[in-house]
Structures are given as C-alpha cells and as structure tokens.
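Below is one structure, written out as structure tokens, with a few remarks after it.
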Amino acid sequence: MTDLPLQALDAALFTRAQALLDDEWLARDAELAPVLPVVLARGVGQDWHKAGTFRHHLVGVARSLALWRQPREVRLLGLLHSVYGNAFVDLVKFDAGSERGRLRALIGDVAEEQVYLFCTASRREFVHKVLAGDIAADGSLALHTHAGQPLTLAPALVASFIV
C-alpha cells in the first residue's frame, strides 16, 4: 500500500479504474463491443489460458490498455493479440491463411495488420531484442516470422507491441 493520503491519488484515474472493474465494461466500449460477439463465437470463453479462460485473458489485456488510454488500434490489438495463434499459445481462433479479410472487415486494415504481425512475428526474438536495446535509431526493429521470413516492424508498431 501507499502512505499517500487518498486525496493525493489521481481521482480521474481512480474513476476510470472503477468503471473498468465492472465485468461488463467491454459491452459499453463503443469501439470494442462490436468485436466481442465475433470473438466469443470462436469459443474463447471455453478455452483455458493461464489463470482463467482465454476470454478472461484477452479482455483483461484490453482492460489494462483502456485504463492506460491507449488508442483504438492498440486496444483492439490487446483484445485480439493471439487470435491467429502464436509460438506460445496454440489457440488459433481465426485462420490467418483464409480469414484475415473477415477480421479486417470487422476491425479495419490497420488494427488487423497489427494483430496479424503480433501473432506471426517471433515474440521471443522481439522480447530479446527490445530488452537488449537492439532497436534501430529510427525506432524500427528487424525480426523474423515464426516461419523464418525476415520482417521489419515500423517504429509505431514496435511501440504498440511494447505497450
């Protein structure tokens, strides 16, 4: 706990946090709410992941990003960050080979591209390079996909992935 008096805490942050603690907060988020039924239809509420369901994990990540006032695309990335699967989680909910267009129509080109790259880039390599400070002077980052193909992430995408 903190020794600060309650008055010293950021009242606006506290109010935002309280609203996000409600289990149904996502239903009131005009930008994310339309996406949730499509993701739920893929069975994310039935898959175990970490300390709860895959739904709990995805919604929890989106909740943190909402608390931090991240832009729509980053919040969508949080909500969908593993739906194409990845090297750590084999919970493929959308087939990257045939369903990218469907997800793109739902969330937009920019957000879908971020989700796709987050799922297909080597997250292990990303984490190692970020922790080592191996980011180009312009903020970009050279990586590989899980299939070994070279990939360079733009600076804004590197920042979104770090968040």
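The values are calculated or read from the model by the stated rules, or taken from the named source; none is laboratory data. Small disclaimer: the values here were computed from a predicted structure and weren't measured. Positions of Cβ are generated from backbone atoms using ideal geometry, with glycine treated the same way; all protein chains shown enter the neighbour counts. Note: areas computed on protein heavy atoms with side chains; ligands, DNA, RNA excluded. Shrake-Rupley method; radii C 1.70, N 1.55, O 1.52, S 1.80 Å.
Sub-8 Å Cβ pairs linking a first residue in the stretch 114-141 that is touching a residue at least 40 places away in the same chain (Cβ under 8 Å) to a second residue that is open to solvent by 50 Å² or more (accessible area, probe 1.4 Å) and acidic (Asp, Glu), at least 6 apart or interchain, are 114/73, ordered by first then second residue.
Applying the condition of being polar (S, T, N, Q) and outside any helix (DSSP H, G or I) to the stretch 94-128 and asking which residue is surrounded by the most Cβ atoms within 10 Å (Cβ to Cβ) yields 122. Checked against (1) at pLDDT below 80; (2) under 18 Å from the mean Cα position of the chain (by Cα), residue 9 meets all criteria but (2).
Tallying residues that are surrounded by fewer than 16 Cβ atoms within 10 Å (Cβ to Cβ) and either at positive phi or of a type outside the set (A, V, I, L, M, F, W, C) (or both) within the stretch 18-41 yields 8.
Restricted to the stretch 148-163, and to residues there that are part of a helix (DSSP H, G or I) and open to solvent by 70 Å² or more (accessible area, probe 1.4 Å), the residue that is farthest from residue 60 (Cα to Cα) is 156.
Is it the case that residue 79 is surrounded by 21 or more Cβ atoms within 10 Å (Cβ to Cβ), of a type outside the set (D, E, K, R) and assigned to a helix (DSSP H, G or I)? In short, yes. Between 91, 58, 13, the distinction of being out of contact with any Cys (no Cβ under 8 Å at 6 or more places or on another chain), open to solvent by less than 20 Å² (accessible area, probe 1.4 Å) and either assigned to a helix (DSSP H, G or I) or not β-branched (Val, Ile, Thr) (or both) belongs to 58 only.
Looking only at residues that are part of a helix (DSSP H, G or I) and among the β-branched types (Val, Ile, Thr) in the stretch 16-48, which one is modelled with the lowest pLDDT? Only one residue fits best here, namely 39.
For the stretch 127-134, the count of residues that are under 26 Å from residue 34 (Cα atoms) and among the β-branched types (Val, Ile, Thr) is zero.
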